[in-house]
1. Taking the Cβ of each residue in 116, 228, 74, 222 as the centre, tally the other Cβ atoms inside 10 Å and list the residues starting with the fewest.
2. Let me check against my output: what whole-number percent is the relative contact order of the range 174-305, with C-alpha pairs under 8 Å and at least 6 apart?
3. Is the range 71-121 rounded, prolate or oblate when judged by the Cα gyration tensor, a ≥ b ≥ c being the square roots of its eigenvalues, rounded requiring a/c under 1.5 and prolate requiring a/b larger than b/c?
4. Provide Rg over Rh for the chain; use the alpha carbon set for both Rg and the Kirkwood Rh (inverse mean inverse pair distance).
5. Can you pull the percent of Cα pairs in the range 129-250 with separation above 23 Å?
6. What is the range 113-181 by shape, rounded, prolate or oblate, if you read a ≥ b ≥ c off the alpha carbon gyration tensor as root eigenvalues and call it rounded for a/c under 1.5, prolate for a/b larger than b/c, and oblate otherwise?
7. Roughly how tilted is helix 257-268, in degrees to the nearest 10 and between 0 and 90, from the longest Cα axis of the chain?
8. For the chain, find the longest principal axis of its Cα atoms and tell me its angle to the long axis of helix 157-168, 0 to 90°, nearest 10.
């Protein structure tokens, strides 16, 4: 099968190669998925799990990408809940070969059914942004109707999803980001916007929840905005600052099929949309992913055009 592999951590995306690899075999509780659409997270090639296994041993050449939509073609021993020919989407294990390939072996528990009226490209684009936003807002942030939420990077792939979910949950949403992201954030449902290049974050006032994707100084500044009992949730790793009377949570997204099903149902009902910026095919994926041109929205690789 065709697959994108990486061998050299120092080279990053420039070290990607399109090669032929053996098709994967399904282990116990696995399924084999024929990948139709895949995506890669921007900083994935900096993660240790891309380069080593859980015992710390080198596992290169490895196949990156962990977001997918496709069709189940084989079931491993003991696998239940899915069937051959079923359309699925989901998030694969960080320490296993990923989804920038024609086929991938995935634990069945990491996948959810993809309805027939949802395109594979859209399905793949929902996975990481949708799960990250859902878990940050509801599992860790305990968002409730009537609260005020500050969403950093509201025009981005994760921030735009968080904005939509928070607004639908009855929150007042303030987005932040670059000056040129204002209209996009407003189009995705933000009710106010802070241009971090030209406006002061402190002017926002108190908020109940901060959803952070930046870390660093922006996250540290945000801690002072948290109202009593509020939460700063970040996906950028541990941060130094803590709210005076609230909490800070940094988390790593998990594959939870029930949440994927909730997210895709909202999309089908017109209450949610994916933020897709560019699509490419597997043969062109190396060039596409190495492009220096800034793309707004998620880049999706159509493995089966």
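What follows draws every value from the coordinates through simple rules; no lab data is involved. Just so we're clear, the structure is a prediction, and the values are computed from it rather than from any experiment. Please note: Cβ atoms are built from the backbone with ideal geometry, for glycine as well, and neighbour counts cover all protein chains shown.
1. 116, 228, 74, 222
2. After rounding, I find 14 percent.
3. oblate
4. With Rg and the Kirkwood Rh in hand, the quotient comes to 0.98.
5. Value for the range 129-250: 16 percent of Cα pairs lie more than 23 Å apart.
6. oblate
7. Helix 257-268 sits roughly 70 degrees off the main axis of the chain.
8. 60 degrees
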